[in-house]
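The values are calculated or read from the model by the stated rules, or taken from the named source; none is laboratory data. Predicted model, so just to flag it, every value in this text is computed and none were measured. Note that each Cβ is placed from the backbone with ideal geometry, even for glycine, and that neighbours are counted across all protein chains shown.
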């Protein structure tokens, strides 16, 4: 399986750096996601993740929160968005 483990270290750092956002809530979710899921992501998921990282913060946050149901990417990236939501719920529970 082609996954994050075969990416060059530079590519991994580039994606991790792009997870640093101006919106604190989004920054927290993405950092939790990278820690929990990054090494198991397939190349297709990494490509989708890269696409989502290109979105403005508020738009990306609405997709993660499930508030952008009509957004064209909501259905297209539904599986990855659910993984993001799941890692956020797990991370939030660990903080309590």
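List of remarks:
- Count of region 77-92 residues which are without any contact (Cβ under 8 Å) to a residue 12 or more places away in the chain and surrounded by 13 or more Cβ atoms within 10 Å (Cβ to Cβ): 1
- Of all residues making up region 9-24, the number that are exposed (fewer than 10 other Cβ atoms within 10 Å of the Cβ), more than 13 Å from the chain's Cα centre (by Cα) and farther than 15 Å from residue 58 by Cα: 2
- Which listed residue is over 13 Å from residue 83 (Cβ atoms), free of Cβ contacts under 8 Å to residues at least 60 places away in the same chain and part of a helix (DSSP H, G or I), from 37, 32, 62: 62
- Residues satisfying the stated conditions in region 36-50, i.e. under 18 Å from residue 17 (Cα atoms), surrounded by fewer than 13 Cβ atoms within 10 Å (Cβ to Cβ) and either out of contact with any strand residue (DSSP E or B) (no Cβ under 8 Å at 6 or more places or on another chain) or at pLDDT 95 or above (or both): 47
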